[in-house]
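Please read the structure below before turning to the comments.
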Amino acid sequence: MENCVFCKIVKGDLPATVIFENEHVLAFKDINPLAPTHVLLIPKRHMESLDDLPESEAALAGELLLRIKDVAAKLGVTGGYKVVSNCGEAAGQLVYHLHFHILSGKKFVP
Ligand code: 5GP
Ligand code: ZN
């Protein structure tokens, strides 16, 4: 996806502070942190949001959740973090490449 900022980060065309990377996923610090810990975890392959995650990608879905857990451990926030994925405009999604916010160090409701 040519104009997708997160695809550019995956390709190395835009800089990011990478926390974790494997064949399928990439985690990097949010450029505008809303909490003391604010990391984004994305699939490397472009898809717009959770609505765009196909049934056939169950393995990737599991990979995303398991690596979120690992990244939380690497950040030292196990047992005290929130995971958020904004899906669509009404939910406040700004970047249309599926991503999960990993947030810790501040209280958010809900
Ligand atoms: P959304 O509202 O789509 O769930 O959140 C998108 C997030 O991506 C925002 O928290 C924003 O700060 C972050 N973001 C947008 N552009 C960049 C970028 O170029 N680099 C990084 N590291 N984060 C970005
Ligand atoms: Zn993308």
Listed by first then second residue, the pairs whose first member lies in the range 1-22 and is in a strand (DSSP E or B), whose partner is β-branched (V, I, T) and within 10 Å of ligand 1 (Cβ to nearest atom), with beta carbons under 9 Å and at least 6 positions apart or on separate chains, are V18/I9; I19/V39; F20/V39
For the range 1-29, the count of residues that are out of contact with any helix residue (DSSP H, G or I) (no Cβ under 9 Å at 6 or more places or on another chain), open to solvent by less than 60 Å² (accessible area, probe 1.4 Å) and closer than 17 Å to R67 by Cα equals 1
Scanning the range 79-96 for residues that are part of a loop (DSSP other than H, G, I, E, B), open to solvent by less than 60 Å² (accessible area, probe 1.4 Å) and small (G, A, S) gives G80, S85, G88, G92
Filtering the range 40-72 down to residues that are open to solvent by less than 50 Å² (accessible area, probe 1.4 Å) and within 13 Å of ligand 1 (Cβ to nearest atom) yields L40, L41, I42, S49
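Please pick out the residue among A27, A58, A35 that is over 25 Å from K11 (Cβ atoms) and either in contact with a His (Cβ under 9 Å, 6 or more places away or on another chain) or in contact (Cβ under 8 Å) with a residue 24 or more places away in the chain (or both). Steps first, answer last, please.
Values: A27 fails: over 25 Å from K11 (Cβ atoms); A58 fails: either in contact with a His (Cβ under 9 Å, 6 or more places away or on another chain) or in contact (Cβ under 8 Å) with a residue 24 or more places away in the chain (or both).
Checking each option against the conditions leaves just A35.
Out of curiosity, is T37 loosely packed, with under 11 Cβ neighbours inside 10 Å and in contact with a strand residue (DSSP E or B) (Cβ under 7 Å, 6 or more places away or on another chain)?
Numbers: loosely packed, with under 11 Cβ neighbours inside 10 Å: no; in contact with a strand residue (DSSP E or B) (Cβ under 7 Å, 6 or more places away or on another chain): yes.
No; evaluated as a whole, the condition is false for this residue.
Quick one: count up the residues across the range 79-110 that are under 12 Å from T37 (Cα atoms) and without any contact (Cβ under 8 Å) to a residue 40 or more places away in the chain. Spell out how you get there, then give the answer.
As a first pass, look at the range 79-110 and keep what is under 12 Å from T37 (Cα atoms): 80-83, 101-107.
When the remaining residues are screened for being without any contact (Cβ under 8 Å) to a residue 40 or more places away in the chain, the result is 80, 82-83, 107.
Total meeting the criteria: 4.
The values are calculated or read from the model by the stated rules, or taken from the named source; none is laboratory data. In this text, all values refer to a predicted model and were calculated from it rather than measured experimentally. As a convention, Cβ positions derive from the backbone with ideal geometry for all residues, glycine included, and neighbour counts pool all protein chains shown. When the accessible area is computed, the model is the full protein with side chains, heavy atoms only, and any ligands, DNA or RNA have been set aside. Shrake-Rupley method; radii C 1.70, N 1.55, O 1.52, S 1.80 Å.
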